[in-house]
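Below is one structure, written out as C-alpha cells; the observations come after it.
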Amino acid sequence: MNKKLAVSAFLVAITMPLSIVLADEAQPATPLATSTNTTTDNQWQQDQDVMQTQRDQNNQSMQTLRDQNKQTMEALKEKRQQDRCKNIGTRIDTRINRYQNGLKMFQNVFGNMQTRLTRLATRLQTALTTANVTDLSKLNQLNTDLGTLNTKIQKLNTDYAAFIATLSDAKTTTTTCDPTAVTTGLSGKFGEARKNVTLIQQDRLDIRNFFAKTIRPDLLAIRAQLPAKSETIEPAETTEEHDSSHKAMTTTSTTPTTTEKKAEDQDQQ
C-alpha cells in the first residue's frame, strides 16, 4: 500500500512540470516579440522612404542640369544665328556699296557720252550749214538714233538700280534672323538679283551694238557729206566718240565674280 502511494506521488511530481511546460508552449507569442517585429518593419519603411527621397532629389538635380544644358545650347545656337545674320548683312552691304559706286560710274560715263554726242551733233549741223549741204536727212536720223540711245541708257540705269534694290531687300530678310525666313528670303532675292545682272549685261551689249552699228555709221555718213577739210569739225572727231564710248562700255562690270556667287550660296545655307 505504501509502495503504491509512493509511486503515485512520484508520477504526480513528474507530470505536473511537464503539464506546465506544455501549457506554456501552447500559449500565443508574448507582447515583447510582437513589439520587436513592428519596430523592425517601421525602420525598414523609414529607410525606404529616405532612399526614395534621395532618388527623387537626384532625379530633380539631373533634370535641372538637363534643363540648364538645353538653355545653354539654345542660347549658343541663337548667338550663332545672330552672328551669321550680322555677317550676311555686312557682306551684302559691302556688295551694295560696290555696285552703287558702279552705278555712279555708269551714269557718269554714259552721261558724258551723251553730252559729247549731243555736242557733236550740234557741230555737225553747223558744219553742214557752213558747207551749204541741204540734205539733212542723215543728221535727222542721227538725232533720232541718239534719242533711242538715250532710252537704252536709261533702261540700263533702271535695271541697275533694280539690281541694287533687290540686294537691299535681301539684307532686309536678315533683320528678323529667322533661319527659315533668311534661307528662303536670300534664295529668292539672290535669284532675282542674278536675273537683274543678266538684264544689265544685255543692256550693255545692246548699247554697245547700237552705238557700233547705228550711231557710228550715222556719224560717218554725215562726215562724208562734209568737205575733205572742214574747219568746223576734224575728220578724226567722229571716231573719237566711238573709241571713248567703247571703252566706257567695256571697262565696267556688274557681274558678280565666282567667289561672290559662292558666298551667296553659302549665305543661303
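Read-outs: derived from the displayed coordinates by stated rules, not from any lab. Given the structure is predicted, the values throughout are model-derived calculations rather than measurements. Cβ coordinates were reconstructed from backbone atoms using ideal geometry, including for glycine residues, and neighbour counts include every protein chain displayed.
The table that follows gives values for the structure above.
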| read-out | value |
| --- | --- |
| Three principal axis lengths of segment 32-140 [C-alpha, angstrom, descending] | 148, 21, 8 |
| Mean Cβ count within 10 Å, highest first, over the residues of peptides 62-70, 100-108, 152-160 | 152-160, 100-108, 62-70 |
| Segments 73-81, 126-134 sorted - mean Cβ within 10 Å per residue, highest first | 126-134, 73-81 |
| Residue exposure sequence - LYS171, LYS213 - by fewest surrounding Cβ within 10 Å | LYS213, LYS171 |
| Share of pairwise Cα separations in segment 111-228, more than 22 Å, in percent | 52 percent |
| Potential extension, ALA221-ARG98 segment - 0.36 nm per residue separation minus Cα distance | 40.3 nm |
| Pairwise label distance in nanometres, SER137 with THR122, each label 7 Å out on the Cα-Cβ vector | 2.8 nm |
| Sorted peptide list for 83-91, 50-58, 138-146, criterion being average Cβ within 10 angstrom, highest first | 138-146, 83-91, 50-58 |
| Extension gain from GLU74 to ALA212, taking 0.36 nm per residue of separation minus the Cα-Cα distance | 43.6 nm |
| Rel. contact order, % - alpha carbon contacts under 8 angstrom, at least six apart, segment 72-228 | 35 percent |
| Environment charge at LEU76 (Cβ cut-off 13 Å; Lys +1, Arg +1, Asp -1, Glu -1) | +2 |
| Simple spin-label estimate for THR39 and GLN201 in nanometres, 7 Å along Cα-Cβ | 9.8 nm |
| In Hz, Karplus ³J(HN,Hα) per residue of segment 67-83 (6.51, -1.76, 1.60; θ = phi - 60°; x = Gly, Pro) | 5, 5, 5, 5, 5, 5, 5, 5, 5, 5, 4, 5, 5, 4, 5, 5, 4 |
